[in-house]
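Reviewing the structure listed below.
The values are calculated or read from the model by the stated rules, or taken from the named source; none is laboratory data. Bear in mind the structure is a predicted one, so any value in this text is a computation, not a measurement. So basically every Cβ, Gly included, is an ideal-geometry build from the backbone, and we count neighbours across all protein chains shown. SASA here: full protein model, heavy atoms, side chains in, ligands and nucleic acids out. Shrake-Rupley method; radii C 1.70, N 1.55, O 1.52, S 1.80 Å.
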Amino acid sequence: PERVTPELLDRYHHVFVGSDALAATLATLTAVPVEPLHQATDPERLAPRGSAPRHELLFIGNSRGTRRTILDDLGPTARDLAVYGGGWESDLLDPRYLRGESVRHEDLGSYYRAADIVLNDHWPKAAEAGLITNRLYDILAAGGFALSDPVPGLDAEFDGGVVTYASPADLALKIERYLADSGVRRMIADR
């Protein structure tokens with residue numbers, strides 16, 4: 001979002017962006033109509049199609065050569081944390097948590113559904129702009145339970161179906177609370 005300029009917007013007849021807040025901001029920079037068009041997913045493609053390893057905590061995402069907020073907020077954990085993704089050097093993630101460099105797209109739904117808690121975070125600039133990662137749509141389409149950093153508009157978008165945390169201490173408390181109560185996790189995921 002930080003690279004969008006009035007000159008870029010003016011090249012188009014209509015602009016669609018992934019958040020209400022960003023659409024409102026960009027609309028002040030151009031005469032071109034700007035409207036929100038939120039992320040989405042295909043529930044049929046994310047439907048679990050077989051078995052996947054069960055993990056207490058699951059994070060699927062690449063490092064892109066930088067640390068990830070939710071993993072730093074979690075810190076070292078005795079819980080079964082499984083991270084799948086590329087670019088995870090030992091200075092970015094304790095190697096004991098890395099379980100693979102990728103998960104095939106057709107298996108994502110099974111991994112999300114099998115995990116007790118799927119961890120999610122947003123790139124800081126995207127979060128500031130209210131851009132909700134499409135990973136959350138995928139997790140929920142698969143019937144998984146998502147725990148995420150907060151983003152403006154997230155609660156309204158998912159009607160309370162995503163649990164958010166406010167600090168590392170709050171993350172630790174919510175992990176313990178929700179790991180202890182599978183019924184509440186299922187109720188929230190089913191929203």
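Table for the structure above
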{"read-out": "Odd one out for THR41, checked against (1) outside any loop (DSSP other than H, G, I, E, B); (2) under 24 Å from PRO1 (Cα atoms); (3) within 20 Å of the chain's Cα centre (by Cα)", "value": "(1)"}
{"read-out": "Failed condition for LYS125, given (1) of a type outside the set (Asp, Glu); (2) within 22 Å of GLU56 (Cβ to Cβ); (3) in contact with a Pro (Cβ under 7 Å, 6 or more places away or on another chain)", "value": "(2)"}
{"read-out": "Residue that is farthest from PRO152 (Cα to Cα), among those in the range 122-135 that are buried (at least 20 other Cβ atoms within 10 Å of the Cβ) and touching a residue at least 60 places away in the same chain (Cβ under 8 Å)", "value": "ARG135"}
{"read-out": "Selection within the range 10-22 - farther than 16 Å from ALA127 by Cβ and under 27 Å from the mean Cα position of the chain (by Cα)", "value": "VAL15, PHE16"}
{"read-out": "Looking only at the range 175-189, and only at residues there that are without any contact (Cβ under 8 Å) to a residue 60 or more places away in the chain and either hydroxyl-bearing (Ser, Thr, Tyr) or more than 21 Å from ASP73 (Cα to Cα) (or both), the one that is most open to solvent (accessible area, probe 1.4 Å)", "value": "MET187"}
{"read-out": "Checking TRP123 against (1) farther than 21 Å from ARG191 by Cα; (2) at pLDDT 95 or above, the condition it does not meet", "value": "(2)"}
{"read-out": "Selected residue (criterion: farthest from ALA189 (Cα to Cα)) from residues of the range 136-153 that are open to solvent by less than 20 Å² (accessible area, probe 1.4 Å) and aliphatic (A, V, I, L, M)", "value": "VAL151"}
{"read-out": "Members of the range 154-174 that are buried (at least 18 other Cβ atoms within 10 Å of the Cβ) and part of a loop (DSSP other than H, G, I, E, B)", "value": "GLY161, VAL162, TYR165"}
{"read-out": "Residues of the range 27-71 satisfying the condition of being open to solvent by 70 Å² or more (accessible area, probe 1.4 Å) and either without any contact (Cβ under 8 Å) to a residue 12 or more places away in the chain or aromatic (Phe, Trp, Tyr) (or both)", "value": "THR28, GLU44"}
{"read-out": "Residues of the range 1-24 satisfying the condition of being of a type in the set (S, T, N, Q) and surrounded by fewer than 16 Cβ atoms within 10 Å (Cβ to Cβ)", "value": "THR5"}
{"read-out": "Selection count where residues are polar (S, T, N, Q) and either surrounded by 12 or more Cβ atoms within 10 Å (Cβ to Cβ) or modelled with pLDDT of 95 or more (or both), scope the range 97-115", "value": "1"}
